[in-house]
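Below you'll find the structure, written out as structure tokens, and then a few comments.
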There are 2 protein chains.
Amino acid sequence: MVSSVGEVSPQRMHFSTPLPLRSGASLRDYELVYETYGQLNADRSNAVLVCHALNASHHLAGTYAGQDRSEGWWDNLIGPGKPLDTERFFVIGINNPGSCFGSTGPMHPNPDTGRIYGADFPVVTVQDWVDAQARVLDALGITQLAAVLGGSLGGMQALDWSLRYPDRLRHCIAIATAPCLSAQNIAFNEVARRAIITDPDFHGGHFYEHGVMPKRGLRVARMIGHITYLSDDVMEQKFGRELRAAELGYSTQDIEFQIESYLRHQGDKFSEYFDANTYLLITRALDYFDPAKAFGGDLSRTFRSARCDYLLASFSTDWRFSPARSREIVKALLDNKLNVSYAEIDAPHGHDAFLLEDPRYHGVLRAYFNRIAHALPGA
Amino acid sequence: MVSSVGEVSPQRMHFSTPLPLRSGASLRDYELVYETYGQLNADRSNAVLVCHALNASHHLAGTYAGQDRSEGWWDNLIGPGKPLDTERFFVIGINNPGSCFGSTGPMHPNPDTGRIYGADFPVVTVQDWVDAQARVLDALGITQLAAVLGGSLGGMQALDWSLRYPDRLRHCIAIATAPCLSAQNIAFNEVARRAIITDPDFHGGHFYEHGVMPKRGLRVARMIGHITYLSDDVMEQKFGRELRAAELGYSTQDIEFQIESYLRHQGDKFSEYFDANTYLLITRALDYFDPAKAFGGDLSRTFRSARCDYLLASFSTDWRFSPARSREIVKALLDNKLNVSYAEIDAPHGHDAFLLEDPRYHGVLRAYFNRIAHALPGA
């Protein structure tokens with residue numbers, strides 16, 4: 001029987017010990033929001049950490065009481081009887097610092113000044129997030145994770161776990177990810193950032209005190225992002241050149257094509273809830289992720305410290321993080337004679353495929369988690 | 001001997017008869033700027049019209065007296081001894097109405113009101129441009145062109161010539177083009193337009209009277225465009241993850257990567273000279289181009305009216321108008337038993353390749369123009 005984890009509640013954890021960051025700065029007096037699903041077993045060996053990407057949070061699965069359409073962002077994957085089965089695993093979602101979904105971020109007061117952080121929120125990296133997550137696990141008494149799972153930017157966190165905390169996980173599952181951004185990936189991020197930063201309502205990142213939000217910039221940023229998440233094919237299939245009205249209106253400013261209407265709607269929605277400084281921070285964390293940099297760009301040497309088993313998956317039409325980028329990682333893992341499973345899934349949905357319920361994709365994850373579960377005590 | 005056409009001067013032509021437009025509106029009392037190179041032969045059979053794309057003009061080749069770096073945008077192709085040899089052909093470049101390079105456009109006064117057109121400049125289509133070009137040729141006494149040549153949006157104009165004025169050209173040369181935009185192409189145009197339109201300095205398209213220009217929007221629009229003109233590969237090769245400074249600065253707003261610096265520079269330059277309303281008009285003309293629409297989307301039926309010979313060329317790394325889009329056209333031409341040559345050129349530069357001097361690409365054009373020249377009287 002497949003079902004939902006049901007109603008869930010986020011929890012908060014306060015940290016008074018400052019978190020040292022890669023930039024040299026540190027984050028002090030911060031809170032992280034997290035959710036857990038399922039039960040931690042007696043020897044604390046069945047915990048799975050799920051890392052989130054840009055527009056997501058600790059709220060992986062289930063719903064919030066009294067809130068319609070409040071399903072977690074990976075609810076199709078996580079729950080009783082689902083591929084990541086909460087009847088066997090204790091699943092943890094942690095909202096990263098700098099986010100706008102509950103953990104300490106740019107919209108909160110800087111304890112040093114009492115003023116809202118805004119653009120003064122320290123730059124955070126994938127490594128900083130992983131360090132922050134490790135502290136939550138320390139507090140929960142979890143020494144070793146059964147697995148760390150993530151897609152896209154979440155996959156980068158999973159990879160970083162396996163590199164810097166090799167004894168703290170047995171499996172790393174990295175979906176639709178890359179060992180670092182390409183120049184084109186950085187370019188798209190930079191255009192999105194410029195749209196936000198040059199919005200007059202951004203006020204150098206201190207817009208909170210002006211009572212405005214740089215929504216124009218956020219809309220454009222989201223529209224750009226959205227194009228890169230979808231494949232050319234799926235856009236063509238869903239929208240093609242379909243018009244909104246029966247006839248052309250001959251206007252440069254009004255909507256003519258359905259794809260325009262869709263993108264504007266996505267941009268509008270996003271600009272209502274997402275924080276502009278968070279957008280900058282998260283895209284920068286993506287730009288900076290490059291574990292091979294310390295090894296002269298040699299990805300094989302980079303993974304010499306790794307010990308866990310790996311599952312990687314990529315999607316044929318993903319042009320943001322194409323299968324070729326996953327294959328780079330697979331090769332580096334094989335060079336180190338690590339156990340690696342790799343699935344290249346023929347799916348039409350582009351990068352977004354990692355969030356969707358494709359039977360082959362979910363079949364791969366189900367089989368892999370079954371394998372992990374069978375090695376648990378009492379299985 | 002290969003040389004430049006040398007110093008050239010643009011010419012102007014005034015039209016008092018209104019130009020009827022696809023939108024139902026018309027353009028009255030307008031001027032078009034054009035340049036010509038070489039000599040028209042006695043029977044007026046050696047004229048080649050070159051159509052321009054988004055960021056280009058009538059100034060195809062040669063330089064302007066006293067102006068450094070004023071070479072025409074296709075100077076590598078057009079000149080004495082060059083692939084389009086001005087010792088054999090009379091080459092014509094016409095600036096399309098709505099442009100910001102001299103022909104009547106949104107920055108000029110509307111004769112109906114005396115006020116600067118701004119956003120009231122009528123929406124122009126590829127067909128309207130071709131009609132406007134045909135009037136210039138009428139005035140020059142050119143009944144039939146040896147060829148119409150264009151790349152990208154210019155290629156769409158060349159195709160339209162062959163469809164709607166089948167008796168007025170013997171050859172259609174369409175490079176790096178498409179039979180219509182895909183949903184993804186329209187999506188990128190729409191984001192660029194939103195960046196411009198939502199710039200507070202746009203003032204609904206009437207920014208001229210406010211003494212400002214929506215430079216923020218134009219910068220973002222150009223950055224987006226630029227990413228789509230280059231291939232992922234060439235960006236990786238030219239910039240990769242190269243940093244501007246020796247060390248990371250950990251900043252979301254400052255430049256870290258060279259690709260960011262390059263894109264910002266391209267955006268800044270563009271925003272200094274390009275007109276925001278022209279950007280909207282030209283991207284819309286791209287969106288609207290769809291000759292097969294009147295034939296229920298059947299491209300083969302669309303080309304039933306065509307009579308000329310065709311050369312098409314595409315570039316392997318062009319993801320804006322990929323080789324597959326050119327092949328759609330080639331197939332439709334073959335379905336109509338037309339003479340068609342097609343070259344798919346393995347070039348790393350993406351869409352921009354059509355402007356660059358690649359020996360294989362220029363070799364194809366040289367051979368094709370030689371063939372046209374051999375059929376001219378006295379050849």
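The values are calculated or read from the model by the stated rules, or taken from the named source; none is laboratory data. Computed from a predicted model, the values in this text were never measured in an experiment. Don't worry about glycine lacking a Cβ; one is built from the backbone with ideal geometry, like all the others, and counts go over all protein chains shown.
Taking the conditions (1) without any contact (Cβ under 8 Å) to a residue 24 or more places away in the chain; (2) under 18 Å from the mean Cα position of the chain (by Cα) in turn, B:THR113 satisfies each one other than (2). Mind checking whether some residue in region B:63-73 is part of a loop (DSSP other than H, G, I, E, B), more than 14 Å from every other protein chain (Cβ to nearest Cβ) and basic (Lys, Arg)? Yes, region B:63-73 contains at least one residue that is part of a loop (DSSP other than H, G, I, E, B), more than 14 Å from every other protein chain (Cβ to nearest Cβ) and basic (Lys, Arg).
One residue stands out in region A:230-246 among those that are aliphatic (A, V, I, L, M) and either facing chain B (nearest Cβ under 7 Å) or surrounded by fewer than 19 Cβ atoms within 10 Å (Cβ to Cβ) (or both): the one that is nearest to B:ILE224 (Cα to Cα), namely A:MET235. Scanning region B:252-268 for residues that are in contact (Cβ under 8 Å) with a residue 24 or more places away in the chain and within 8 Å of another protein chain (Cβ to nearest Cβ), we see that the one that is nearest to the chain's Cα centre (by Cα) is B:GLY267.
When restricted to residues that are in a helix (DSSP H, G or I), more than 7 Å from chain B (Cβ to nearest Cβ) and more than 25 Å from the chain's Cα centre (by Cα), region A:187-208 contains 4.
This table checks each residue for (1) within 15 Å of the chain's Cα centre (by Cα); (2) surrounded by 15 or more Cβ atoms within 10 Å (Cβ to Cβ); (3) among the charged types (D, E, K, R).
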position: B:GLY6; (1), (2), (3): no, no, no
position: B:THR17; (1), (2), (3): no, no, no
position: B:ARG22; (1), (2), (3): no, yes, yes
position: B:TYR34; (1), (2), (3): yes, yes, no
position: B:ALA53; (1), (2), (3): yes, yes, no
position: B:GLY66; (1), (2), (3): no, no, no
position: B:SER70; (1), (2), (3): no, no, no
position: B:TRP74; (1), (2), (3): yes, yes, no
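Inspection of region A:151-174 finds no residue satisfying the criterion of being within 30 Å of B:ARG222 (Cβ to Cβ), part of a helix (DSSP H, G or I) and of a type in the set (S, T, N, Q).
Every condition in (1) in a loop (DSSP other than H, G, I, E, B); (2) more than 17 Å from B:TYR30 (Cα to Cα); (3) β-branched (Val, Ile, Thr) holds for B:VAL50 except the one numbered (1). Output the number of the condition that A:ILE227 fails; it satisfies all remaining conditions of (1) more than 18 Å from the chain's Cα centre (by Cα); (2) within 25 Å of B:ILE282 (Cα to Cα); (3) within 7 Å of another protein chain (Cβ to nearest Cβ). Unmet for A:ILE227, out of (1) more than 18 Å from the chain's Cα centre (by Cα); (2) within 25 Å of B:ILE282 (Cα to Cα); (3) within 7 Å of another protein chain (Cβ to nearest Cβ): (1).
Residue check: is B:ALA221 closer than 30 Å to A:TYR229 by Cβ, within 11 Å of chain A (Cβ to nearest Cβ), crowded, with 24+ Cβ neighbours inside 10 Å and touching a Phe, Trp or Tyr at 6+ places or on another chain (Cβ under 8 Å)? Taking the combined requirement at face value, the residue satisfies it. Whenever a residue of region A:32-52 is under 21 Å from A:ASP160 (Cβ atoms), it has no partner that is part of a loop (DSSP other than H, G, I, E, B) and modelled with pLDDT under 95 lying with C-beta atoms less than 8 angstrom away and at least six residues away or across chains. Would it be correct to say that A:GLU344 is among the acidic types (Asp, Glu), under 22 Å from the mean Cα position of the chain (by Cα), over 11 Å from A:PHE315 (Cβ atoms) and at pLDDT 95 or above? Answer is no for this residue.
For region B:136-146, state whether one or more residues are away from every other protein chain (no Cβ under 14 Å), free of Cβ contacts under 8 Å to residues at least 12 places away in the same chain and either assigned to a helix (DSSP H, G or I) or more than 17 Å from the chain's Cα centre (by Cα) (or both). Yes, there is a match, as at least one residue in region B:136-146 is away from every other protein chain (no Cβ under 14 Å), free of Cβ contacts under 8 Å to residues at least 12 places away in the same chain and either assigned to a helix (DSSP H, G or I) or more than 17 Å from the chain's Cα centre (by Cα) (or both). Of the residues examined, B:TYR279 is one that is crowded, with 23+ Cβ neighbours inside 10 Å and not in a loop (DSSP other than H, G, I, E, B). Using the structure shown, decide if A:GLY249 is part of a loop (DSSP other than H, G, I, E, B), without any contact (Cβ under 8 Å) to a residue 60 or more places away in the chain and within 8 Å of chain B (Cβ to nearest Cβ). Criteria not met by A:GLY249.
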